[in-house]
1. Since Ala46 meets every condition but one in (1) within 23 Å of Met207 (Cα to Cα); (2) modelled with pLDDT under 90; (3) open to solvent by less than 40 Å² (accessible area, probe 1.4 Å); (4) touching a Ser or Thr at 6+ places or on another chain (Cβ under 9 Å), which condition does it not meet?
2. Only one of these is part of a helix (DSSP H, G or I), buried (at least 19 other Cβ atoms within 10 Å of the Cβ) and touching a residue at least 24 places away in the same chain (Cβ under 8 Å): Ala113, Ala93, Ala117. Name it.
3. Check whether at least one residue in segment 137-148 is open to solvent by 40 Å² or more (accessible area, probe 1.4 Å) and not charged (D, E, K, R), and report yes or no.
4. Here are the criteria: (1) under 16 Å from the mean Cα position of the chain (by Cα); (2) on the phi < 0 side of the Ramachandran plot; (3) surrounded by fewer than 18 Cβ atoms within 10 Å (Cβ to Cβ). Tell me which single one Arg132 does not satisfy.
5. Among the residues that make up segment 127-137, is at least one of them more than 19 Å from Asp203 (Cα to Cα) and in contact with a Ser or Thr (Cβ under 8 Å, 6 or more places away or on another chain)?
6. For segment 158-206, give me each residue that is open to solvent by 70 Å² or more (accessible area, probe 1.4 Å) and assigned to a loop (DSSP other than H, G, I, E, B).
Amino acid sequence: MKKTFRTTSYFLLSASILATSLASCGGDNKGADVATQEPGSTMSVADSANMPTDSARMGKADGVMVDGVAMTPDRSIVQNAVQAKSMTTLVKAVQAAGLDGTLSGAGPYTVFAPNNAAFDKLPKGALAGLMRPESKDKLKGLLTYHVIASRLLAADLRDGQELTTVNGEKIKVSVKDGKVMINNATVSTPDVVSSNGVTHIIDTVLMPPAETE
């Protein structure tokens, strides 16, 4: 009887140690891909298709202030954007492209949102041309180049990371001295969390590769 008890106790203790070891090696594995990257490498750290989506992560209840207005996590991306006076051009473009319904949906989405000043940097007449009905598909392609089909906070963005956009093309993340850049655009206001995703306001319109050739 004593022998049986000792044998059973041994197996229970072994199982407990194994479970503890696995737990300590598991947990949040978001950084697992970083550990395999060679120092100084410019390889893709993670693709958006493989990024974890955590719809439970929400922002501050009182929101993020943009243009003196609180962008709160109980509203959708579009509902928050329409309140900001510096985002009026983007809102009009999203509506013209027929994406307002999509960006009001369940998501989650990450939107790198150019402000009005970013659109002002475009060549003269470029925006007016994109807003014409016959340019709807081109406008949609441009805007979806700013959208990732997952929720990515600033803390999820790492230097050298490449993300696949809804457009199908990739954008590159650069992080240096606390400044986050997406291609050649600087993130001026990060982590505007909405009910269906997160918006990072940028100072330059991202141009898909086809538009820059």
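1. Here Ala46 meets the rest and fails (4).
2. Every option except Ala93 fails the conditions.
3. Step one: of segment 137-148, the residues open to solvent by 40 Å² or more (accessible area, probe 1.4 Å) are 137-138, 140.
Next cut, not charged (D, E, K, R) only: none.
Looking through segment 137-148, none of the residues is open to solvent by 40 Å² or more (accessible area, probe 1.4 Å) and not charged (D, E, K, R).
4. Against the list (1) under 16 Å from the mean Cα position of the chain (by Cα); (2) on the phi < 0 side of the Ramachandran plot; (3) surrounded by fewer than 18 Cβ atoms within 10 Å (Cβ to Cβ), Arg132 comes up short only on (1).
5. yes
6. Across segment 158-206, the qualifying residues are Asp159, Val166, Glu169, Asp177, Gly178, Asn184.
The values are calculated or read from the model by the stated rules, or taken from the named source; none is laboratory data. Since the model is a prediction, treat every value here as computed from it, not as a measurement. Note that we place each Cβ from the backbone using ideal geometry, even for glycine, and neighbour counts take in every protein chain shown. Just so you know, the surface numbers come from the protein's heavy atoms only, side chains and all, with ligands and any DNA or RNA stripped out. Shrake-Rupley method; radii C 1.70, N 1.55, O 1.52, S 1.80 Å.
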